[in-house]
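**Student:** Pasting a structure here, questions to come.
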Amino acid sequence: MKIIQISFFLLAFSLTTFAQGFKVETSGEKTFNFTDKGKRNQASFFSTTPLEDITGLTNDINGKVSFNVNDIKSLKGELSVSTASIKTGIDLRDEHLRDADWLDAAKYPNIKFTITEVKDVKRLADNRLQIKFSGDFTLKGVTKKITGEATLTYLVESEQTKQRAPGDLLGVQAKFKVNLFDFGVKNKVIGQKVAEVVEVSVNMVGSSAI
Amino acid sequence: MNKNQKILFLFSLLAILGIIIYWFMQGAEIFTKTKVLIDQTSELDKMLGVKNEVWVDKFILGLDYSAVAIVIILILTIILNNLLKNKQKES
């Protein structure tokens, strides 16, 4: 009986001490959809070399994440962007980017990221968390484990949030680095102008009602 | 060098200087751009901790197009200068 009591106490202690999540007026399992008809969600890459700085940006993000509002470490999900939708500000360069030598958009139409782990949770506010995440990043048919940092902001549905989308909203600002060489991107013509390691930034808002 | 040749060289010089100044004022980019990123972050975006940038059509002259324009001006100047030189000989 004593063992059961101690086990129950330890379980309750671990749940209250180690489960870190949002302190908002809602709880339980939630799923957020990041497919935005208004195309306001965006993923971008930034490359800096002595020759020039390049920013590539796409608004074509799709995917969902699910987690328990009170335990962000339970977060799992998959996101993808359309390879052909990445724009760099120069039409000719965009064509090169889609070429077989580079991202090969015809053969690999999507770039995917599957979130597998969330750790090092830090509460910045009741509705804002800073996390470190890791997952499987698939680019040009090659999948590698990638880690990054993100800030998550939870807004419970209100008249203001309805301007963007119905339901509760989850704002995500994430950053991680990608070594293009690891994914078989080594075009000699463009490669000299693009850094081997690019920084990927994601700014997106998901809705629990879509 | 006759008067017309002097005017030709002056115009060529001004055109080349104009291109260089315009290129410099546009940010002295190496490659010509047809779109630029504009920040459209709203109050709600700030509350959600995200930023929102969009591509907007805008022509930014780069060193590549500037160099081509300068080379074309130099070629035209050489051709016109030869024509004006020949006219002077004929007269």
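The values are calculated or read from the model by the stated rules, or taken from the named source; none is laboratory data. Keep in mind that what you see is a predicted model, and the values were worked out from it rather than measured. Ideal geometry is used to build each Cβ from the backbone, glycine not excepted, and the neighbour counts take in all protein chains shown.
**Student:** Go through the stretch A:103-144 and report how many residues are under 20 Å from A:VAL194 (Cα atoms) and of a type in the set (Val, Ile, Thr).
**Tutor:** 3
A quick yes/no check of all residues on (1) within 13 Å of another protein chain (Cβ to nearest Cβ); (2) touching a Leu at 6+ places or on another chain (Cβ under 6 Å); (3) in contact (Cβ under 8 Å) with a residue 40 or more places away in the chain:
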| position | (1), (2), (3) |
| --- | --- |
| B:LEU8 | no, yes, yes |
| B:PHE11 | no, no, no |
| B:LEU17 | no, no, no |
| B:GLU43 | yes, no, no |
| B:LEU74 | no, no, yes |
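**Student:** What is the one condition in (1) at pLDDT below 95; (2) within 14 Å of the chain's Cα centre (by Cα) that A:LYS175 does not satisfy?
**Tutor:** (1)
**Student:** While we're on this one: Taking the criterion of being in contact with a Ser or Thr (Cβ under 9 Å, 6 or more places away or on another chain), in a loop (DSSP other than H, G, I, E, B) and closer than 30 Å to A:LEU155 by Cα, would at least one residue in the stretch B:23-44 satisfy it?
**Tutor:** Scanning the stretch B:23-44, I find no residue that is in contact with a Ser or Thr (Cβ under 9 Å, 6 or more places away or on another chain), in a loop (DSSP other than H, G, I, E, B) and closer than 30 Å to A:LEU155 by Cα, so the answer is no.
**Student:** Could you identify the single residue in B:LEU48, B:LEU44, B:LEU84 that is under 26 Å from B:ILE16 (Cα atoms) and surrounded by 13 or more Cβ atoms within 10 Å (Cβ to Cβ)? Walk me through how you get there before you give the answer.
**Tutor:** Working: B:LEU48 fails: under 26 Å from B:ILE16 (Cα atoms); B:LEU44 fails: under 26 Å from B:ILE16 (Cα atoms).
From the options B:LEU48, B:LEU44, B:LEU84, the qualifying one is B:LEU84.
**Student:** Right, next: Given the conditions (1) within 14 Å of another protein chain (Cβ to nearest Cβ); (2) within 22 Å of A:THR49 (Cα to Cα), and given that B:SER66 satisfies all but one, which numbered condition is not satisfied?
**Tutor:** (1)
**Student:** Also, I was wondering about something else. So for the stretch A:46-59 (the condition being within 30 Å of B:PHE31 (Cα to Cα), more than 14 Å from chain B (Cβ to nearest Cβ), of a type in the set (Ser, Thr, Tyr) and not in a helix (DSSP H, G or I)), does at least one residue qualify? Let's see the steps before the verdict.
**Tutor:** Taking the stretch A:46-59 and keeping what is within 30 Å of B:PHE31 (Cα to Cα), we get A:46-59.
Remaining after also requiring more than 14 Å from chain B (Cβ to nearest Cβ): none.
No, the stretch A:46-59 contains no residue that is within 30 Å of B:PHE31 (Cα to Cα), more than 14 Å from chain B (Cβ to nearest Cβ), of a type in the set (Ser, Thr, Tyr) and not in a helix (DSSP H, G or I).
**Student:** Is it the case that A:LEU92 is within 13 Å of chain B (Cβ to nearest Cβ) and either touching a helix residue (DSSP H, G or I) at 6+ places or on another chain (Cβ under 7 Å) or over 21 Å from A:GLU149 (Cβ atoms) (or both)? Step through it out loud before you land on a result.
**Tutor:** Details: within 13 Å of chain B (Cβ to nearest Cβ): yes; either touching a helix residue (DSSP H, G or I) at 6+ places or on another chain (Cβ under 7 Å) or over 21 Å from A:GLU149 (Cβ atoms) (or both): yes.
Considered against the rule, which asks whether it is within 13 Å of chain B (Cβ to nearest Cβ) and either touching a helix residue (DSSP H, G or I) at 6+ places or on another chain (Cβ under 7 Å) or over 21 Å from A:GLU149 (Cβ atoms) (or both), A:LEU92 comes out as yes.
**Student:** Note down all Cβ pairs under 9 Å where the first residue falls in the stretch A:13-40 and is within 19 Å of A:GLN173 (Cα to Cα), the second is modelled with pLDDT under 90 and in a helix (DSSP H, G or I), and they're at least six residues apart or on different chains.
**Tutor:** none
**Student:** Next question. Can you find even one residue in the stretch A:60-76 that is outside any strand (DSSP E or B), in contact with a helix residue (DSSP H, G or I) (Cβ under 7 Å, 6 or more places away or on another chain) and buried (at least 18 other Cβ atoms within 10 Å of the Cβ)?
**Tutor:** The answer is yes, given that some residue of the stretch A:60-76 is outside any strand (DSSP E or B), in contact with a helix residue (DSSP H, G or I) (Cβ under 7 Å, 6 or more places away or on another chain) and buried (at least 18 other Cβ atoms within 10 Å of the Cβ).
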